[in-house]
1. Is it true that GLY226 is in contact with a Leu (Cβ under 6 Å, 6 or more places away or on another chain) and either crowded, with 22+ Cβ neighbours inside 10 Å or modelled with pLDDT of 95 or more (or both)?
2. Being of a type in the set (D, E, K, R) and open to solvent by 70 Å² or more (accessible area, probe 1.4 Å) is the requirement here; does GLU351 meet it?
3. Can you name every residue in the stretch 105-147 that is open to solvent by 60 Å² or more (accessible area, probe 1.4 Å), closer than 21 Å to VAL19 by Cβ and more than 19 Å from the chain's Cα centre (by Cα)?
4. Tell me whether the stretch 303-321 contains one or more residues that are aliphatic (A, V, I, L, M), under 30 Å from VAL62 (Cβ atoms), at pLDDT 95 or above and part of a helix (DSSP H, G or I).
5. Of all residues being under 30 Å from ARG362 (Cβ atoms) and open to solvent by 50 Å² or more (accessible area, probe 1.4 Å) in the stretch 3-37, which is farthest from the chain's Cα centre (by Cα)? Just the residue, please.
6. Residue under question is ASP101, and the condition is that it be open to solvent by 20 Å² or more (accessible area, probe 1.4 Å), within 23 Å of the chain's Cα centre (by Cα) and among the acidic types (Asp, Glu); does it hold?
7. Report whether or not ASP300 is among the charged types (D, E, K, R), open to solvent by less than 40 Å² (accessible area, probe 1.4 Å) and either out of contact with any Pro (no Cβ under 6 Å at 6 or more places or on another chain) or assigned to a helix (DSSP H, G or I) (or both).
8. Answer yes or no: is there a residue in the stretch 286-307 that is under 20 Å from PHE246 (Cβ atoms) and either among the β-branched types (Val, Ile, Thr) or in contact with a strand residue (DSSP E or B) (Cβ under 6 Å, 6 or more places away or on another chain) (or both).
Amino acid sequence: MFAAADPIEAISQRVDTFVTAQRAGTTDAGADAALFLDAAADAATGGKRLRGRFCIAGWRAVEEVSSPAAGIPAPVIAAAAALEVFHAAALVHDDLIDNSDTRRGRPATHRALEARHRSAGWHGDADAFGRSSAILVGDLLVAWSDDLLEEGLLAASPDRAAAARRQYGHMRREVTLGQFLDVAEESAFVTEPDDRHADRALRVASYKSARYSVQQPLAIGAALAGADEAQAAALAGFGHPLGMAFQLRDDVLGVFGDERATGKPSGDDLREGKRTVLIAYTREALAPAARRALDEQVGDPGLDAAQIAALQQTIIGSGALERIERLIADYAAEADRALSGARLGGTAVGELRELAHAATVRTT
């Protein structure tokens, strides 16, 4: 059992312990390797640890049915920490794909490495160095997440370890597909009928975020507790719609969020050209000329504050924001209904409902 009672603290401690061990194993590789490992460690630091917390909550929901869940077992903490390291990898690659400058109020990994190249006075293109190095940092973090998961599963029973490993692999494949669908949609939308844009954006949200952020972490934790089919189905019925609500809230914050809270500039999704459900709903409500004007602006990295403000007003005036808020509420209600009558621990169900609130009613 792990000593830390607070899941966030327990997850962060496990990540820190793992990263420290990785650094200790590469001390003979020199200062350049230390720079590389520092970048990976920085990427894995901080955040809400939401995916890890859902993993622990999934374990607790099943475990509490048969016995009081006291301390969190080491395999569950390791799986939760592995999810957070994998999430760090996804963010590094996502920022690179989106050409984002910041993450959590700090320079994105590729920008930080670019700056280190310049400050060291190294030869060549600093931007290319930052981008190439960030790809490798993300790859290292993916490898670390696998290593950390496998370390933890050594202490689990073989059948539960195999079940958790299957769920983890499933998550990795789906989120990679979702990331591609997101990239493709920024180009493919022009060939699709207007009335299909929202459905396509919802598909991206499902694969890139809903399953990976909530549904699969719950499934991994539940697998480590030996969940039966009914318990797994109830958690999936809760996890997917909640994950959809989570992503739709993220889409709203990507347009309207306060930089002081989100750590990213307000309207960044508009500059990056994200073809979200929010944009799809806005387009549906606009006349053809206004729709063309919107399409010309979304994806322009040079949008200034006044242009962002004008686009925000267009979105509000179209009714798209109100429509998204209703959809978030509908998804949250669907998730809550999935817990009613499920054979899951009562205390854990309360925790799941608290996590649902944190995931959907948030400013960061």
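1. No.
2. When the stated conditions are applied, GLU351 does not pass them.
3. Selection gives ARG116, LEU136, ASP147.
4. No - not one qualifying residue is present in the stretch 303-321.
5. ALA3
6. yes
7. Answer is no for this residue.
8. Within the stretch 286-307 (the criterion being under 20 Å from PHE246 (Cβ atoms) and either among the β-branched types (Val, Ile, Thr) or in contact with a strand residue (DSSP E or B) (Cβ under 6 Å, 6 or more places away or on another chain) (or both)), the answer is no, since none of the residues qualifies.
The values are calculated or read from the model by the stated rules, or taken from the named source; none is laboratory data. In this text the structure is predicted, and so the values were computed from the model without any measurement. Quick reminder, even Gly has a Cβ in these numbers, built from the backbone with ideal geometry, and neighbours come from all protein chains shown. To get the accessible areas, we keep the full protein, side chains included, count just its heavy atoms, and leave off ligands, DNA and RNA. Shrake-Rupley method; radii C 1.70, N 1.55, O 1.52, S 1.80 Å.
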